[in-house]
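Quick note: the coordinates plus some simple rules give every number you see, no bench work behind them. These figures come from a predicted structure and were not determined experimentally. Using ideal geometry, Cβ is built from the backbone for each residue, glycine included, and neighbour counts are taken over all protein chains shown.
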Amino acid sequence: MESRKTIKKWFWIWDFEKEEDWLNEMAMNGWVLESVGFCTYHFVRCEPGEYSVRLEMHPYDEAYLSFMKETGAEYIGRMVMWIYFRKKTADGAFDLFSDIDSRISHLDKIGKWLSAVGGANLLIGVVNTYNPSRLGWINLLCATLLMYALGRIHGKKEALKRERLLHE
Amino acid sequence: MAEGFALTEASYYILLSLVRPRHGYGIMQLTEELSGGRVRLAAGTLYGALNALSAKGWIIQLPSDEDSRRKEYRLTEKGLKVLRAEVERLRELADNGERILGEE
């Protein structure tokens, strides 16, 4: 029986929870994430349900990685701004966020990144529209998509804020 | 602190854990133990809260041993004041709850 496999799959940035659910489903079926690439997931065989997998947007931060290691989580890898962790289910529950405030600040982090990259694309797009190359539309398309993503993330944040009015 | 604001449950248990020096994992364990398993601090939440509480000057990071990469934290005088004020606030909440529900 094969012990490793690679799956190509695309997730929109606002679907990061779906991505995480899918990775945990894979782990439940005996395939745990071993490394990540662009739209590429490398899995290795494990006991079904042996691991939980979590992902988050976090800028490169050595101190955070060693902190996570201290709590028993294993760093799998990173893709652009996203980092992936796994932990053996036998070592206890594994979550990255345990209250609404920290979920909101995570969404804030994603929002800031989208604004920065979206804004840069908008600027380059406008400049290139007046260039002879006429390739500005590519950046404008990217900017539109990134702004749409920002809207989706903002919507999630607002839902959490409404919830926070009543409890943590 | 902006006086009168309630601490989050996470901040409260972190401050309480740091009356004695502890590292991150120690805080998670103590919090779970104290709350009878009800409050589980997730690693990302704890990390963010430790940074925020340090920035407020309520906790400090202790100089770490050379061979140990684990960082230890401890409550400051300022943090202790905040914690005591919070215990008072919680006592008021609980007292009022018990008194009014006791009359029913």
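Restricting A:Asn139, A:Asn131 to those that are over 30 Å from A:His42 (Cα atoms) and surrounded by 17 or more Cβ atoms within 10 Å (Cβ to Cβ) reduces the list to A:Asn139. For the range B:1-30, the set of residues classified as over 16 Å from B:Arg74 (Cβ atoms) and either in contact (Cβ under 8 Å) with a residue 60 or more places away in the chain or not aliphatic (A, V, I, L, M) (or both) consists of B:Met1, B:Glu3, B:Gly4, B:Phe5, B:Ala6, B:Leu7, B:Thr8, B:Glu9, B:Tyr12, B:Gln29, listed by residue number.
Within the range B:19-30, the set of residues being more than 16 Å from B:Ala85 (Cβ to Cβ) and out of contact with any Asp or Glu (no Cβ under 7 Å at 6 or more places or on another chain) comprises B:Arg20, B:Gly26, B:Ile27, B:Met28, B:Gln29, B:Leu30.
Looking only at the range A:111-128, which residues are surrounded by fewer than 17 Cβ atoms within 10 Å (Cβ to Cβ), of a type outside the set (Ser, Thr, Tyr) and within 20 Å of A:Gly155 (Cα to Cα)? Those that are surrounded by fewer than 17 Cβ atoms within 10 Å (Cβ to Cβ), of a type outside the set (Ser, Thr, Tyr) and within 20 Å of A:Gly155 (Cα to Cα): A:Lys112, A:Ala116, A:Gly119.
Residue-by-condition table, conditions (1) within 12 Å of chain B (Cβ to nearest Cβ); (2) surrounded by fewer than 14 Cβ atoms within 10 Å (Cβ to Cβ):
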residue: A:Glu47; (1), (2): no, yes
residue: A:Ser52; (1), (2): yes, no
residue: A:Glu70; (1), (2): yes, no
residue: A:Met79; (1), (2): no, no
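From the list B:Thr8, B:Thr45, the lone residue that is touching a Phe, Trp or Tyr at 6+ places or on another chain (Cβ under 6 Å) and among the polar types (S, T, N, Q) is B:Thr45. Could we say that A:Leu96 is within 14 Å of chain B (Cβ to nearest Cβ), part of a loop (DSSP other than H, G, I, E, B), crowded, with 19+ Cβ neighbours inside 10 Å and touching a Leu at 6+ places or on another chain (Cβ under 9 Å) here? Here the answer is yes, as A:Leu96 does meet what is asked.
In summary, A:Glu163 fulfils each of the numbered conditions (1) at negative phi; (2) assigned to a loop (DSSP other than H, G, I, E, B); (3) surrounded by fewer than 14 Cβ atoms within 10 Å (Cβ to Cβ) with the single exception of condition (2). Only residues that are in contact (Cβ under 8 Å) with a residue 24 or more places away in the chain and part of a loop (DSSP other than H, G, I, E, B) were counted in the range A:23-56, giving 4. Take the residues in the range B:74-88 that are touching a residue at least 12 places away in the same chain (Cβ under 8 Å) and among the charged types (D, E, K, R); name whichever of them is farthest from B:Leu53 (Cα to Cα). Out of the qualifying residues, it is B:Glu86.
Among the residues of the range A:101-110, those that are touching a residue at least 60 places away in the same chain (Cβ under 8 Å) and either surrounded by fewer than 18 Cβ atoms within 10 Å (Cβ to Cβ) or more than 9 Å from every other protein chain (Cβ to nearest Cβ) (or both) comprise A:Ile104, A:Ile110.
Filtering the range A:20-35 to residues that are buried (at least 19 other Cβ atoms within 10 Å of the Cβ) and touching a Phe, Trp or Tyr at 6+ places or on another chain (Cβ under 7 Å) leaves A:Met26, A:Ala27, A:Trp31, A:Val32, A:Leu33.
Against the definition (under 30 Å from A:Leu166 (Cβ atoms), of a type outside the set (S, T, N, Q) and out of contact with any helix residue (DSSP H, G or I) (no Cβ under 8 Å at 6 or more places or on another chain)), how does A:Lys88 come out, yes or no? In short, no.
Out of everything in the range A:1-19 that is hydrophobic (A, V, I, L, M, F, W, C) and under 16 Å from the mean Cα position of the chain (by Cα), what residue ends up being surrounded by the fewest Cβ atoms within 10 Å (Cβ to Cβ)? Applying the filter and picking the extreme gives A:Trp10.
Restricting attention to the range B:26-51, the residues being at the interface with chain A (Cβ under 9 Å from one of its Cβ atoms), crowded, with 18+ Cβ neighbours inside 10 Å and either among the aliphatic types (A, V, I, L, M) or farther than 18 Å from A:Arg86 by Cβ (or both) number 9. Of the residues making up the range A:29-72, those that are of a type outside the set (Val, Ile, Thr) and more than 20 Å from the chain's Cα centre (by Cα) are A:Asn29, A:Gly30, A:Arg45, A:Cys46, A:Glu47, A:Pro48, A:Gly49, A:Glu50, A:Glu70, A:Gly72.
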